[in-house]
């Protein structure tokens, strides 16, 4: 049994963990490992928003253009594609890219091809909406949890290895305890979301300034290789309670501190659905996310179901990654998106 916090990130605790030193988790889980050279990562959520089937072809073409730009120098090391329909009736395609080097991400973002496309007047008049929500957590501001040990998705694709069995899981507060920063930092939010350019109600270009310790969770399920029994387990038992919880956060999460919640399905370049899904949740803080997870019926149903089946999973792949980031390492920009999109809903005008 080992700590979820890698040795080179451990330090004397000034804040206690939630369980005693001799705690034993009820089943094995693992976390991603990176060597000390990994100082910071970038997670880029690049979106295309449209409404109605008549715009679908143009939106898919725009998505493919974003993917093509990843082949430029300094593009991300890993990416995936998703679709979801939000509660305002708009379809959203999101290309999610991961960079191991923030400098490479900055060079890619400022490259003539990428910057000229984003800044072009054509983005304002082509009938589609666009957004880019990017955060760059440092190594101590990131935690991962996997119920499997190979082909890690999301940020896991940037990591060098997988841990042995870890101690910090299976109890309320374990998410926080897996953060290296939690040894000395409460990771409290400072400030508010602020619109600093544009007007979300009028469309056009809008920039939102974030605040320290915005929390981002990606929580996924992959049933591509699941046999009939596990597929039925996910689709018939886990998915209904999961969908209820995700819809609740999407529609009513504001009062709980959830800025944005998207339950997305992975797709290929042609928009065909894959048997992979995940949640993208932005929260005011880890504390707000914890409070919902520990007390709200919609999450308790998810948690109870997972506990009941976790030890028997073989092909159904479940995981999550959670990060916080500094305001200076966040970018939230929107072009012609409806005012309930992402961080626009809760940002102070």
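The values are calculated or read from the model by the stated rules, or taken from the named source; none is laboratory data. Values in this document were obtained by computation on a predicted structure and should not be read as measured data. Cβ placement follows ideal geometry from the backbone for every residue including glycine, while neighbour counts extend to all protein chains displayed.
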Quiz item: Filter region 271-287 for residues that are touching a helix residue (DSSP H, G or I) at 6+ places or on another chain (Cβ under 7 Å) and farther than 15 Å from residue 246 by Cα; which is surrounded by the fewest Cβ atoms within 10 Å (Cβ to Cβ)?
Solution: 271
Quiz item: residue 96 fails exactly one of the following numbered conditions: (1) surrounded by fewer than 21 Cβ atoms within 10 Å (Cβ to Cβ); (2) in contact with a helix residue (DSSP H, G or I) (Cβ under 9 Å, 6 or more places away or on another chain). What is the number of that condition?
Solution: (1)
Quiz item: If you go through region 34-56, how many residues are under 30 Å from residue 181 (Cβ atoms), buried (at least 19 other Cβ atoms within 10 Å of the Cβ) and touching a strand residue (DSSP E or B) at 6+ places or on another chain (Cβ under 7 Å)?
Solution: 8
Quiz prompt | Sole exception among (1) over 30 Å from residue 63 (Cα atoms); (2) modelled with pLDDT of 95 or more; (3) more than 15 Å from the chain's Cα centre (by Cα) for residue 210, by number | solution = (1)
Quiz item: If we scan region 21-33, do we find a residue that is surrounded by fewer than 21 Cβ atoms within 10 Å (Cβ to Cβ), under 30 Å from residue 66 (Cα atoms) and within 19 Å of the chain's Cα centre (by Cα)?
Solution: yes
Quiz item: Restricting the search to region 208-232, which residues are surrounded by fewer than 20 Cβ atoms within 10 Å (Cβ to Cβ) and outside any strand (DSSP E or B)?
Solution: 211, 224, 225, 227, 228, 229, 230, 231, 232
Quiz item: Filtering region 323-348 down to residues that are assigned to a loop (DSSP other than H, G, I, E, B) and more than 17 Å from residue 87 (Cβ to Cβ), which residue is farthest from the chain's Cα centre (by Cα)?
Solution: 336
Quiz item: Of the residues in region 299-332, how many are surrounded by fewer than 18 Cβ atoms within 10 Å (Cβ to Cβ), within 21 Å of residue 256 (Cα to Cα) and in contact with a helix residue (DSSP H, G or I) (Cβ under 6 Å, 6 or more places away or on another chain)?
Solution: 1
Exercise. For residue 147, work out the one condition from (1) within 22 Å of residue 278 (Cβ to Cβ); (2) surrounded by fewer than 18 Cβ atoms within 10 Å (Cβ to Cβ); (3) at pLDDT below 95 it doesn't fulfil.
Key: (2)
Quiz prompt | residue 59 being more than 22 Å from residue 222 (Cβ to Cβ) and touching a strand residue (DSSP E or B) at 6+ places or on another chain (Cβ under 7 Å) | solution = yes
Quiz item: Would region 74-86 turn up any residue that is more than 21 Å from the chain's Cα centre (by Cα), over 16 Å from residue 135 (Cβ atoms) and modelled with pLDDT of 95 or more?
Solution: yes
Quiz item: Is it true that some residue in region 100-118 is over 25 Å from residue 258 (Cα atoms), at pLDDT below 95 and in contact with a helix residue (DSSP H, G or I) (Cβ under 9 Å, 6 or more places away or on another chain)?
Solution: no
Practice problem: Among residues belonging to region 69-92 that are over 30 Å from residue 138 (Cβ atoms) and without any contact (Cβ under 8 Å) to a residue 60 or more places away in the chain, point out the one that is surrounded by the most Cβ atoms within 10 Å (Cβ to Cβ). | Solution: 91
Quiz prompt | Scan of region 248-270 for residues that are assigned to a helix (DSSP H, G or I), surrounded by 15 or more Cβ atoms within 10 Å (Cβ to Cβ) and free of Cβ contacts under 8 Å to residues at least 60 places away in the same chain, ordered by number | solution = 248, 249, 253, 256
Exercise. Within region 187-207, work out how many residues are exposed (fewer than 14 other Cβ atoms within 10 Å of the Cβ), out of contact with any helix residue (DSSP H, G or I) (no Cβ under 9 Å at 6 or more places or on another chain) and assigned to a strand (DSSP E or B).
Key: 3
Quiz item: If we only count helices (runs of 4 or more DSSP H) wholly inside region 66-160, which ones have 2 or more residues that are more than 21 Å from residue 281 (Cα to Cα) and in contact with a strand residue (DSSP E or B) (Cβ under 6 Å, 6 or more places away or on another chain)?
Solution: 102-110
